[in-house]
1. Would you list L93, L348 from the most to the least accessible area, probe 1.4 Å?
2. Please report, in whole Å, how far the alpha carbons of region 157-219 spread along each principal axis, starting with the longest.
3. Using mean Cβ contacts within 10 Å as the protection proxy, how do 32-42, 273-283 order, highest first?
4. Tell me, in nm to one decimal, what length is gained between A389 and W67 on full extension, where the rule is 0.36 nm per residue of separation less the Cα-Cα distance?
5. How many Lys pairs in region 44-196 lie less than 19 angstrom apart by Cα atoms, where the lysines are 8 or more positions apart or on different chains?
6. Could you work out [θ]222 nm for the chain from helices alone, using -39500 (n - 2.57) per DSSP H run of at least four and dividing by all its residues? Round to the nearest 500 deg cm²/dmol.
7. Let me know the whole percent of all Cα-Cα pairs from region 89-184 that are separated by more than 22 Å.
8. Which label belongs to the value computed from this structure, given these candidates for percent of Cα pairs over 36 Å apart: (1) 26; (2) 31; (3) 21?
Amino acid sequence: MRIFFICQRVPFPPDRGDKITTYNEIRHLSTKHEVHVFCLADGTPDLDNIPGLRRYAKSVTAVPVGWASKLRALNAMLSGKPLSVAAFNEAKLHDAVTRKFAELQPDLIIVYSCNVAQYAEHFPQVPRIMQFAELDSSRWGQFARRSRLPMRSVYALEERRFFAYERHIARTFSHALVCTRAEQRDFERLIPGVPVSLVGNGVDLDYFRSRGLAKRPGSIVFTGVMDYFPNVDAVTWFCDKILPIVQQQIPEAGLTICGSRPAAAVRRLANRRGVTVTGRVPDTRPYLDGAEVFVAPMRMARGIQNKLLEALAMGLPCVASVAAATGTVVQDGEGILAADDPEEFAQLVVRVLRDGAFRAAMARKARAAAEANYRWEAQLACLDQVIAAVVPRRGVLVALERA
């Protein structure tokens, strides 16, 4: 069938949360369907990533988000619209979707991220799947609780407005998707009566596989986009509250913060004893493979943390906050250890660093957990089932005739 796939960023390269999911879904869908991608671009340089999708997408239409997005968000403060929806309201992408819809008459529209649901709102005549992954309104609420004025008020306002918008989209689209059981329970409680299914994330088990590099004693690693508020908060909290406790017992212990666009607050952490900030690297695997433990001290976490899945796949023992660990189906002690109290978190890290036999056992469990639960094929089979249920039989026959 012919599918319009709408997403917030150019889904290549698959190097951050949403792009990992959208890339793998497009790649999977292209094996059976004709996929047309419509997306925003993270500035003009992001357009250079489009060729990476040509193998899978029949067409790719991307519109850069420019400086005017901030002006639109400011105007939304007065208009009553969600700020993030207004920020991503690019007229050129609306025009492109409308024009292509009239020309190609798709059988199905899939939207990833509620911020860009606006580009599919005006096409109720075809089935529309809204992939929330998680409820972003709850994320804005987390931001509010971890921020000071005036941003606390801004985030709280966005939480209220965005939830109203999520509820509207959920009730007008054909089907909703989320990425974890916890998110599904929250969705069913907050937006009852809307059909919602679980399509989880996966990890590339061939790409993220340990090469058996020598481990650096006392080495701790964190990966992520390092201007993202939850990641900045996580490493700052770890360096302030947890790393000093670890270093009291293991003086050579050090944290490597590996990820693109480190914020000023993250760059300053490099002045601390044992802390390294890499900035963007071409490949995170050597950093994961050379470390003895991965940490995910996320105090703000929704959905699933792809960074945890990648660490598990690399056979790397993980210590995570309860919120980050809850996003997985991995039982405590089966590759992931979870704690929120700084002292407890530190002692778990110390145990992994000190006890080689325990570390080796956790490493085996980590890889086994990734293999058992996070194969992309299994996750995307659930997406196929939702599509089959949502698209009318007549639409399937038309799609087959086109093929």
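The values are calculated or read from the model by the stated rules, or taken from the named source; none is laboratory data. Just so it is clear, the model here is predicted, and its values are computed rather than measured. Don't worry about glycine lacking a Cβ; one is built from the backbone with ideal geometry, like all the others, and counts go over all protein chains shown. We work out accessible area using only protein heavy atoms, side chains counted, and drop any ligands, DNA or RNA first. Shrake-Rupley method; radii C 1.70, N 1.55, O 1.52, S 1.80 Å.
1. L348, L93
2. 53, 28, 16
3. Working: 32-42: 21.5, 273-283: 14.1.
Put in order of decreasing packing, that is 32-42, 273-283.
4. The span from A389 to W67 would gain 111.8 nm if fully extended.
5. Taking region 44-196 as the scope, the lysine pair count is 4.
6. Calculated mean residue ellipticity at 222 nm is -13500 deg cm²/dmol.
7. Roughly 38 percent, rounded to a whole number.
8. Read-out from the structure maps to (1).
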